[in-house]
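Here is the structure we will look at, set down as structure tokens.
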Amino acid sequence: MNRIAFLIPTIDCIGGAERQVLLLAEGLARRNWQVSVIALSGLGGTASEELSRAGIGFLSLQMRKGLADPRGWFHFHRWLATNKPDIVHAHMPHAAWFARWSHLFAPGSKVVDTIHTSAIGTWGRQFGYRLSDRLTDKVTAVSTAAADAYLSAGMVANRHTLVVPNGIETWVWRPDRTIRDTIRNNLGLKDEFLWFAVGRLEPVKDYPTLLRAFAVVRRQVRLVIAGTGALELSLRQLAMELGIGDRVHFLGFATDVCRWMQAADGFVLSSLWEGLPMVCLRQRLVLCPLWPQT
């Protein structure tokens, strides 16, 4: 049986990268792989329960001091020695560095890491990638733009870098008129155009620009934002100051994103940068069949 361990900073908060890891883990488990998901920190939240239902092992190293936390390193190396995975597949910078340097202590496993964004980060991140590039067997990027950014910065080598676009569950993300009508009726919508945005409420998503742009729109429109984060309170305050507090609805963390996409007329993404955003791929599947054909 093939064995793979996915390594990620945390799955307590689910974004595009975290969701992609869960999808990969569940997909390989259905193909009879022995799959484990290992988080550097956190407790796993509801995502760990989702993994358990799929027969996937979950382990949190519960690191509190980043990569310098010796307890996390010891715990992970002991796990590697016991479980001997064929592949360690890391996602996001800290997990990528962790997996790469751990390769020195577990040379029998192949190390793969995935780039999820075209943002190359600080000098420290760039140096960390350059220094450890020789310790990875394969680097994948979710888009050509993400790969080109890291290649141009000399952070990864062309010889082992490959573009593997994000995948989506096409059987889940599809239009549903009944769900659409139900949610819109619950919101009291009649002819209003409903915009939908989803993503963590952090600076990289640039929600202040979205709210200021929405305030300029004079027609009957509503905006629903799904996600949580450090900026939630300030964004709510900004919506009130702009006079659109009654037309903007903050959902918080939503587990039923598909239903909201099915109810919306349009999706808006205001991020400063992205790799290959899952929400855009999914929204295209949901919305396209509803658009008028010309």
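Of all residues in the stretch 184-229, how many are hydrophobic (A, V, I, L, M, F, W, C) and not in a helix (DSSP H, G or I)?
Going through the stretch 184-229, the residues hydrophobic (A, V, I, L, M, F, W, C) turn out to be 187, 189, 193-198, 201, 204, 210-211, 213-217, 221, 223-226.
Keeping just the survivors that are not in a helix (DSSP H, G or I) gives 187, 189, 193-198, 201, 217, 221, 223-226.
Residues meeting the conditions: 15.
Every condition in (1) in contact with a Leu (Cβ under 7 Å, 6 or more places away or on another chain); (2) assigned to a helix (DSSP H, G or I) holds for residue 178 except the one numbered (1).
This table checks each residue for (1) out of contact with any Leu (no Cβ under 6 Å at 6 or more places or on another chain); (2) closer than 15 Å to residue 9 by Cβ.
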| site | (1), (2) |
| --- | --- |
| 27 | yes, no |
| 40 | no, yes |
| 64 | yes, yes |
| 71 | yes, no |
| 89 | yes, yes |
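Listed here are the residues, each with its yes/no results for (1) surrounded by 14 or more Cβ atoms within 10 Å (Cβ to Cβ); (2) of a type in the set (D, E, K, R).
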{"position": "161", "(1), (2)": "yes, no"}
{"position": "167", "(1), (2)": "no, no"}
{"position": "175", "(1), (2)": "yes, no"}
{"position": "179", "(1), (2)": "yes, no"}
{"position": "184", "(1), (2)": "yes, yes"}
{"position": "193", "(1), (2)": "yes, no"}
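The single residue among 71, 100 that is part of a helix (DSSP H, G or I), of a type in the set (Lys, Arg), without any contact (Cβ under 8 Å) to a residue 40 or more places away in the chain and within 30 Å of residue 271 (Cα to Cα) turns out to be 100. Summed over the stretch 137-159, the residues that are closer than 23 Å to residue 274 by Cβ and surrounded by 14 or more Cβ atoms within 10 Å (Cβ to Cβ) give a count of 16. Inspection of the stretch 232-250 identifies at least one residue that is within 21 Å of the chain's Cα centre (by Cα), at pLDDT 85 or above, in a strand (DSSP E or B) and not aliphatic (A, V, I, L, M). Scanning for something among the basic types (Lys, Arg) and either farther than 25 Å from residue 70 by Cβ or modelled with pLDDT under 90 (or both), does the stretch 130-137 turn up at least one residue? No, that holds for no residue.
Considered as a group, the residues in the stretch 77-104 that are farther than 15 Å from residue 128 by Cβ and touching a helix residue (DSSP H, G or I) at 6+ places or on another chain (Cβ under 6 Å) include one that is surrounded by the most Cβ atoms within 10 Å (Cβ to Cβ), and that residue is 88. The residues of the stretch 1-33 that are within 14 Å of the chain's Cα centre (by Cα), outside any helix (DSSP H, G or I) and among the polar types (S, T, N, Q) amount to a single one, 10. Screening the candidates 41, 48, 36 for the property of being part of a strand (DSSP E or B), assigned by TED's automatic domain parsing to the domain that holds residue 71 and touching a residue at least 12 places away in the same chain (Cβ under 8 Å) yields one hit, 36. For the stretch 105-120, filtered to residues that are assigned to a strand (DSSP E or B) and out of contact with any His (no Cβ under 8 Å at 6 or more places or on another chain), the residue that is surrounded by the most Cβ atoms within 10 Å (Cβ to Cβ) is 115.
So is residue 178 over 19 Å from the mean Cα position of the chain (by Cα) and at pLDDT 95 or above or not? No; evaluated as a whole, the condition is false for this residue. Here residue 227 clears all of (1) surrounded by fewer than 16 Cβ atoms within 10 Å (Cβ to Cβ); (2) at positive phi except the condition numbered (1).
Answer with yes or no whether residue 130 is in contact (Cβ under 8 Å) with a residue 24 or more places away in the chain, touching a Pro at 6+ places or on another chain (Cβ under 6 Å) and assigned by TED's automatic domain parsing to the domain that holds residue 111. Write out each step before concluding.
Working: in contact (Cβ under 8 Å) with a residue 24 or more places away in the chain: yes; touching a Pro at 6+ places or on another chain (Cβ under 6 Å): no; assigned by TED's automatic domain parsing to the domain that holds residue 111: yes.
Here the answer is no, as residue 130 does not meet what is asked.
The values are calculated or read from the model by the stated rules, or taken from the named source; none is laboratory data. The model shown is predicted, which means the values in this text are computed figures rather than measured ones. When we count neighbours, we look across all protein chains shown, and the Cβ atoms used for this are built from the backbone with ideal geometry, even at glycine.
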